[in-house]
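Everything on this sheet refers to the single structure shown next.
The values are calculated or read from the model by the stated rules, or taken from the named source; none is laboratory data. If you're wondering where the values come from, they're calculated on a predicted model, not measured in any experiment. Note that each Cβ is placed from the backbone with ideal geometry, even for glycine, and that neighbours are counted across all protein chains shown.
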Amino acid sequence: MSKVKSVLGALALSLSATSFAVAGDVRVMWYSDGVEGEVIQDLINRFNKDNPGINVILDNVPYKAIQEQLPVELEAGRGPDIARVTNIKALADHWLDLTPYIKDPEYWKANFGDQFDWMRPDGSQAIPGFMTQMTLTGGFANKTLFEQAGVPLPGDDATWDDWVAAAAKVQASQQLNAGIAIDRSGHRISGPNASYGANYIGPDRMPLPVDDGVKAFAERLVKWTADGAMNKETWVSAAGTTYRAAADDFINAQVAYYYSGSWQIANLSTKIGDSFDWVATGSPCGTVACSGLPGGAALVAIKYTKNPEEVGKVMDYLASQDVVREFTERTLFLPAHKGVIAGDIDFKTDDANVKGALKAFVKASTKVAPAAAALPAWKWASAYYGALVTRISQVMAGELTLDEAYTKMDEDIAKNVAEAAK
């Protein structure tokens, strides 16, 4: 039955994304972490009203569809006209160069240019799209649970071991399911890996074998799940590279500490409300750094579109400074637009937890390790992330030893590189 549902889901996505192109139609494939789907729909409604010759259709899909089904569509030469994606570099060959279709390429370069290499093939000068927001991985602590347990929040220079030990005390005191939870994602653990000295990128820009930094954090993850300090279910209840967020465990006060990223701020504010106080913590320290992983979601044009001129007009509108500022203020995201960053941003919230969290992530952005900062523009990052999450999960499930997992990680990455070269 599950296979039937999977096939039907993929078919539904295909039909949605590849409907017969009608002159003036622009389909946008969109996923949401929080309230941004509502915000972008509002903005698109305004565009449609002011531009009767263009009909923008927003297709809201689960993040899993973006990660797993959209790449299949793209490889077949199909897809939506525009998509919001996080696997930006690995799929760069499928993005449309907007340069001939936008009003002022220099405006785009001045405001979004620092991230263009994240989303285009190496050596290209294309303008594929723009970052809807900048993100940084980092932690969130349930301040109320810590206070009820009488456990002080670890300080700015606290290590991963310090945070897990403190969260385990809260777990025991408050009878929680686990002390900590981490999203099931190779991306999510790559900042911590870099904090322990990991480096994925060789001098030739090809993947290096997993090193002692990767192993140091992997060993901790496996130990924490075995000890019950970390929520094991998030990682072992899915297979392969399937992404699973652990946000609900934190929202429901089932864990004291949650490691995810800045994109969760609006989601946490909306769903937690005044149930408890929470704070953003930055990233705990390893042996060489206290680093998160920078990144974000990009809104990109797809080169298989039948309506590139209309796509250019839609992208110009969504990338305009006033629209980006409103999107930023209402979604509580960190902007990528230089003009917006330089001006006043009035985040639309009365939640003191949110304002403190945004400040904490801005502060944490100054601590990003060079090895982590290099990953968003690296072609093989997604291949590395996939190998990490797949094999570490298998160790947690008792299917592999750590040594076997390290060998298979290297094999997985090498296989991905070889397949890409065909």
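A few remarks follow.
- Among residues of segment 271-314, those that are assigned to a helix (DSSP H, G or I) and outside the structural domain of Val85 (by TED's automatic domain parsing), counted: 2
- Residue in segment 237-245 that is under 24 Å from Thr135 (Cα atoms), in contact with an Asp or Glu (Cβ under 7 Å, 6 or more places away or on another chain) and surrounded by 24 or more Cβ atoms within 10 Å (Cβ to Cβ) present: no
- Residue among Asn111, Asn87 that is in the same structural domain as Val39 (by TED's automatic domain parsing), surrounded by fewer than 20 Cβ atoms within 10 Å (Cβ to Cβ) and either closer than 21 Å to Trp263 by Cβ or of a type in the set (Phe, Trp, Tyr) (or both): Asn87
- The residues of segment 156-166 that are within 20 Å of Asn193 (Cα to Cα) and either of a type in the set (A, V, I, L, M, F, W, C) or in a loop (DSSP other than H, G, I, E, B) (or both), listed by number, are Asp156, Asp157, Ala158, Trp160, Trp163, Val164, Ala165.
- The set of residues from segment 328-344 being touching a residue at least 40 places away in the same chain (Cβ under 8 Å) and either surrounded by fewer than 19 Cβ atoms within 10 Å (Cβ to Cβ) or in a loop (DSSP other than H, G, I, E, B) (or both) comprises Leu332, Phe333, Pro335, Ala336, His337, Lys338, Gly339.
- Odd one out for Cys290 among (1) surrounded by fewer than 18 Cβ atoms within 10 Å (Cβ to Cβ); (2) under 28 Å from Gly213 (Cβ atoms): (1)
Matching residues to (1) in contact (Cβ under 8 Å) with a residue 12 or more places away in the chain; (2) closer than 27 Å to Val362 by Cα; (3) of a type in the set (Gly, Ala, Ser):
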position: Ala65; (1), (2), (3): yes, no, yes
position: Leu74; (1), (2), (3): yes, no, no
position: Ala166; (1), (2), (3): yes, yes, yes
position: Lys169; (1), (2), (3): yes, no, no
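- Within segment 185-233, the set of residues being among the acidic types (Asp, Glu) and in a helix (DSSP H, G or I) comprises Asp212, Glu219, Asp227, Glu233.
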